[in-house]
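Asker: Quick one: the structure is below, and I'll ask about it shortly.
The values are calculated or read from the model by the stated rules, or taken from the named source; none is laboratory data. Note that this is a predicted model, so its numbers are computed, not measured. Quick reminder, even Gly has a Cβ in these numbers, built from the backbone with ideal geometry, and neighbours come from all protein chains shown. To get the accessible areas, we keep the full protein, side chains included, count just its heavy atoms, and leave off ligands, DNA and RNA. Shrake-Rupley method; radii C 1.70, N 1.55, O 1.52, S 1.80 Å.
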Amino acid sequence: MLPRLVLNSWTQAIHLPSPPKATSEWTLDYPPFFAWFEYILSHVAKYFDQEMLNVRNLNYSSSRTLLFQRFSVIFMDVLFVYAVHECCKCIDGKKVGKELTEKPKFILSVLLLWNFGLLIVDHIHFQYNGFLFGLMLLSIARLFQKRHMEGAFFFAVLLHFKHIYLYVAPAYGVYLLRSYCFTANKPDGSIRWNSFSFVRVISLGLVVFLVSALSLGPFLALNQLPQVFSRLFPFKRGLCHAYWAPNFWALYNALDKVLSVIGLKLKFLDPNNIPKASMTSGLVQQFQHTVLPSVTPLTTLICTLIAILPSIFCLWFKPQGPRGFLRCLTLCALSSFMFGWHVHEKAILLAILPMSLLSVQKAGDASIFLILTTTGHYSLFPLLFTAPELPIKILLMLLFTIYSISSLKTLFR
Amino acid sequence: MEKWYLMTIVVLIGLTVRWTVSLNSYSGAGKPPMFGDYEAQRHWQEITFNLPVKQWYFNSSDNNLQYWGLDYPPLTAYHSLLCAYVAKFINPDWIALHTSRGYESQAHKLFMRTTVLIADLLIYIPAVVLYCCCLKDISTKKKIANALCILLYPGLILIDYGHFQNIYNSVSLGFALWGVLGVSCDWDLLGSLAFCLAINYKQMELYHSLPFFCFLLGKCFKKGLKGKGFVLLVKLACTVVASFVLCWLPFFTEREQTLQVLRRLFPVDRGLFEDKVANIWCSFNVFLKIRDILPRHIQLIMSFCFTFLSLLPACIKLTLQPSSKGFRLTLLKLYSVILFFFLYHFRPVCLVLSEIPFMSTWFLLVSTFSLLPLLLKDELLMPSVVTTMAFFIACVTSFSIFEKTSEEELQLKSFSISVRKYLPCFTFLSRMIQYLFLISVITMVLLTLMTVTLDPPQKLPDLFSVLVCFVSCLNFLFFLVYFNIIIMWDSKSGRNQKKIS
């Protein structure tokens, strides 16, 4: 429910004529395009429930509001469906099964459309991830179809909707540079420097620049750019999200806790030096580690960069076309998830969804996908914590897991 | 079965849909003093737990029969008692005598919904799965599709999980289905035992007893009354008597007990006009006020006579030629007859979904539509629309029903051949049926929209409910005629065609 209330208050805030100050605990922290999207929504919302838009009505909730917001998510998912359709076109049905349900295209569409994580995050927990992932899948599909400019355009737009996709930006950047700006390769696959195309670089740069200008321009003119950036990248928020994302830093924190307990028992540590705040109390805040060295945002950035380096190198030195790009993208997403600062557990979807495309084409990828998706989805369980939702999440998880395992097994018999 | 995982997925989908529907409101939510059927269920747990057996069906200071008194057979009472034990373990306030009246809370709602789901899971769903697996002459995929469509049938889901009907429909239906399964697969004793349990859970199942009886009798005749048939007859009789005795044991101690229970089960003074149901009497009443003309017991007797008479030919045929398919078709006809004349409740016609997909889907859609006034009262519009659409899409894709509207597919071939002897130009039957279907669906959609968006005029506040009744009734009349035709003409061609198992 909370994100719904968050979006509620943003819808309210946007409806004001002038840029709002911080009026509530749920202020905007997504890039400008998302803000414009909420603005459009707020105009439609007028017809459903006027009260929803009153800035003073914080935590407002009514059945009409609920209806409106749920319908808006479902409506925006149309883009996601279209993107899935485009992705299925990129899959070649080499192993053509006799029936529809055994074709890779069918399996892929079910894996994407019925993705458990997306279902519960978007439609129960409530966010608008569907159409954003639709944009991402669409840009991937365009790159598969060799329509690089469109792919770049969609990704640029996506970045300005939700900046979490910065996680995978290196993959895009390197791939476009290497495989699009250098138009040909030497026979052994390595780079041919003289095939560099300035035209392409400039056109790509232009696309990105124009999109960014459209998005950040108004705020640049209003001299609010620093404020926008501080809202987008709130490094004061702490190493881990309220609900720990199951990444490396969670293990690090756990180790720190264990060591501190042991240290207290063995009298190595002085109890007065231990900070009182608990890391798992569910509130977003900063804290210090007790035994192990504290982690700064810079450290996490360096760790992330080190983690994505191998895949980036492969993408540069041994490009394998769009499929190689997809692999690199998945790896970037995973590495950022593992080592990023203040990662949400929902970010695992960034790795799961692109991986689905790989899973229906190679058996090896399929088995990795199954492990990734089952654990990733299971890690999303704490998002739904009320008793009535318990059977739903169990049933949906079982549905997706059984289907994915059985269909992929049948495909790669 | 090879594709066990697909069947698991179908069952999981069915369970998910059920649980998500159950998150909606229930009947009588927040509406004192009587609340609704949900409260009735809770009250029965209270009564059966706190009072001794002898007082369950009697009016007393502790048990006010006016406030949702027990009016279902003993098996329901035992089931309520079982649930009450669990409730006591979780929170005794839910079933405290007197003080728990009108108790409503999130936790309690969760508990009640869970009991329905568990009953479904244990009895109804296995019956459906087994039934679909035992269907002959169709591919595995069709069997699974069949199971999906049956499990997605909106009427049952909305009543049990949305409205929270007076009784757990799925339990009695499940038992009846086990009965049908048993009897069709030659496990006669188990089948009749299951059916007796169904009757003892809900007395409405008595409607189905006539075909069961005729079919089993027919089987005994076939085996020869002098030898094996007689043995079978005796065994069946013993099973039936034993099951009844077991269920009614605590009530057989005194004559008064038994009589009181029977009085509660068959309230002959309630009459035929329960809450504007879509049966022939309500529709007829619009034109000719029978309610005022005829006294109550005459109405009842008339209904029974009509029902019995219309069923008689089919039942006689069943006795003389017991066949599994004939049995199923007779049950089908029975449904339409009951609906036509009584419609206290309906029964899904899912049993022949695979054989006559087009008509079955149509029938089931209409039966869901006929529930509209009830569902709107409980604010279940959204789940009903969504589940109906899901069901329709599942049927269309699983059975490609729109391609199966030829005369042969609709099993009307022999009928149209006979008609063509007198009217050579009678070739448009299937097209006529398709048009009728289209008209019917459009009418239903329009009526739904009207009921939701418009207010009825002042002078006729029940206009929309009556219209819904009327339209549903017309549809049911059509189905009645259709099923009668199938059964009658099936008997004529049955001897010529190959043996149908």
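Asker: Can you classify region A:174-243 as rounded, prolate or oblate using the Cα gyration tensor, where a ≥ b ≥ c are the square roots of its eigenvalues, rounded means a/c under 1.5, and otherwise it's prolate if a/b beats b/c and oblate if not?
Answerer: Details: a/c = 5.22, a/b = 1.81, b/c = 2.88.
It is oblate, given that a/c is not under 1.5 and a/b is not larger than b/c.
Asker: Could you run the Karplus curve 6.51 cos²θ - 1.76 cosθ + 1.60 with θ = phi - 60° over region B:252-264 and give me ³J(HN,Hα) per residue in whole Hz, x for Gly and Pro?
Answerer: 8, 5, 10, 4, 4, 4, 4, 5, 5, 4, 4, 5, 5
Asker: Relative contact order for region A:106-229: what percent, with Cα pairs under 8 Å and sequence separation of 6 or more?
Answerer: On the way: 79 pairs, mean separation 20.7, N = 124.
Once normalised by length, the contact order is 17 percent.
Asker: Which of the pairs A:393/B:143; B:109/B:459; B:109/B:202; A:46/A:105; B:141/B:223 have their Cα atoms more than 31 Å apart in this structure?
Answerer: Details: A:393/B:143 27 Å; B:109/B:459 38 Å; B:109/B:202 23 Å; A:46/A:105 40 Å; B:141/B:223 36 Å.
Pairs exceeding 31 Å: B:109/B:459; A:46/A:105; B:141/B:223.
Asker: Over the whole of A:387-400, what's the average partner chain Cβ count within 10 Å per residue? Rounded to a whole number, please.
Answerer: Numbers: counts 5, 10, 2, 2, 11, 5, 0, 4, 10, 5, 1, 5, 8, 2.
Averaged over the peptide's residues, the number is 5.
Asker: Rounded, prolate or oblate, given the Cα gyration tensor of region B:30-172, with a/c below 1.5 counting as rounded?
Answerer: Details: a/c = 2.58, a/b = 2.21, b/c = 1.17.
It comes out prolate by the Cα gyration axes.
Asker: Give the ranking of A:344, B:108 by solvent-accessible surface, highest area first, calculated with a 1.4 Å probe.
Answerer: Numbers: A:344 55, B:108 0 Å².
Reading off the accessible areas and sorting them downward yields A:344, B:108.
Asker: Here is a follow-up. I need to check one value: relative contact order of region A:340-404, counting alpha carbon pairs closer than 8 Å and at least 6 residues apart, in percent. Could you put the intermediate results ahead of the total?
Answerer: On the way: 26 pairs, mean separation 17.5, N = 65.
RCO, region A:340-404: 27 percent.
Asker: Which far-off residues, 5 or more places away or on another chain, put their amide H under 5 Å from the one on residue A:343, with H placed in the peptide plane?
Answerer: Amide H neighbours of residue A:343, under 5 Å, 5+ apart: A:241.
Asker: For a test of the definition: using alpha carbon positions, the gyration tensor, and the 1.5 limit on a/c, classify region A:321-394 as rounded, prolate or oblate. It would help to have the intermediate numbers written out before the result.
Answerer: Working: a/c = 3.22, a/b = 1.58, b/c = 2.04.
Note, shape of region A:321-394 comes out oblate.
Asker: Place +1 on the Cβ of every Lys and Arg and -1 on the Cβ of every Asp and Glu in region B:175-259, take the dipole about the Cα centre, and give the residue among B:189, B:251, B:227 whose Cα lies farthest towards its positive end.
Answerer: Among B:189, B:251, B:227, the one farthest towards the positive end of the dipole of region B:175-259 is B:227.
Asker: Let me ask something else about it. If packing is taken as the average number of other Cβ atoms within 10 Å across a peptide's residues, how do A:346-359, A:375-388, B:428-441 rank, most packed first?
Answerer: A:346-359, A:375-388, B:428-441
Asker: Using θ = phi - 60° and the Karplus form 6.51 cos²θ - 1.76 cosθ + 1.60, what ³J(HN,Hα) does each residue of region B:152-159 get, whole Hz, x for Gly and Pro?
Answerer: Working through the residues one at a time gives 8, 4, x, x, 5, 4, 5, 6 Hz.
Asker: Also, quick follow-up: Could you work out the relative contact order of region B:175-259, using alpha carbon pairs under 8 angstrom and six or more residues apart, expressed as a whole percent? Spell out each step's value before the answer.
Answerer: Values: 64 pairs, mean separation 21.2, N = 85.
About 25 percent, as a whole number.
Asker: Quick check for you: which residues of region A:337-371 have the amide N under 12 Å from the point 7 Å beyond the Cα of residue A:378 toward its beta carbon?
Answerer: It comes to A:371, nothing else.
Asker: Within 10 Å of each Cβ in peptide B:12-24, how many partner chain Cβ atoms are there on average? Round it to a whole number, please.
Answerer: Numbers: counts 9, 3, 1, 6, 7, 1, 2, 8, 5, 0, 2, 4, 0.
Per-residue shielding by partner chains comes out at 4.
Asker: Evaluate the charge dipole of region B:175-259 about its Cα centre and quote only its size in Debye, nearest 20, assuming +1 on the Cβ of each Lys and Arg and -1 on the Cβ of each Asp and Glu. Intermediate results must be reported in sequence, preceding the final value.
Answerer: On the way: 8 positive and 5 negative charges, 93 e Å.
Here region B:175-259 has a charge dipole of around 440 debye.
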